[in-house]
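For reference, the structure discussed in these notes is given below.
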Amino acid sequence: MKSLTFILTLALFSFTSTTKLAKPMKGEKAPEIELISHTGKKIKLSKLKGKVVLIDFWASWCGPCRRENPNVVEAYRKYNKTKFKTGKGFEVFSVSLDRQEDPWKAAIKKDGLIWKYHGWDKEGKTAQAYVVSSIPTAYLIDGDGIIVASGNELRGMNLHIAIDKLVE
């Protein structure tokens, strides 16, 4: 039920927006993200320039998101210190679409999401900028901040295959 509510909320954003937003595409610069982290600090995507980054839109109440989390953790552990063609290191920038803070923080801990970039998109502005219509949704960006893959290309083993293509 929560997932249907979220999808309807995103649809409402789309219909009530006065500006038609275009979904960020492969080959384009990833839009900036600035959110408050689970520790209360401001985090920005641009601070990760020089690293390959997975931008992962998810929520604690989203079953498919939670089932994908172990795969993302495995990718983080595998590639975190890897040297890439356009940078060094792999990072995950999680964007939570939870409406309540406590379940989000509990899911980070329970699922063992060990990276430090967990942002809370409480108002849905980042999801709107990325034209997120369902979750999980992900974007992979290279060290220059350019989108190199998105969507289903980044789930399961496809995530590892996409990252492998960027290894030096």
Along the charge dipole of the range 94-168, Cβ charges K/R +1 and D/E -1, which of 159, 140, 115 sits furthest on the positive end? 115
As a quick test, which of the pairs 23/51; 42/125; 23/47; 42/81; 88/109 have an alpha carbon distance above 20 angstrom in this structure? 23/51; 23/47; 42/81; 88/109
Checking rank on 61-69, 93-101, 130-138, 26-34, with mean other Cβ inside 10 Å and highest first, the result is 93-101, 130-138, 61-69, 26-34
Using Cα positions and a limit of under 16 Å, work out the aspartates and glutamates in reach of residue 49, with same-chain residues fewer than 8 apart set aside. 28, 32, 34, 91, 142, 144
What does the charge dipole of the range 2-164 about its Cα centre add up to, to the nearest 20 debye, if the Cβ of each Lys and Arg holds +1 and the Cβ of each Asp and Glu holds -1? 400 debye
Using only Cα atoms, find the angle between the long axis of helix 63-79 and the longest principal axis of the chain, and express it within 0 to 90 degrees, rounded to the nearest 10. 20 degrees
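Computed from the coordinates by the stated procedures, all read-outs in this text should not be read as laboratory data. Predicted, not measured: the structure shown is a model, and the values here were computed from it. Here Cβ is always computed from backbone atoms with ideal geometry, including for glycine, and neighbour counts include all displayed protein chains.
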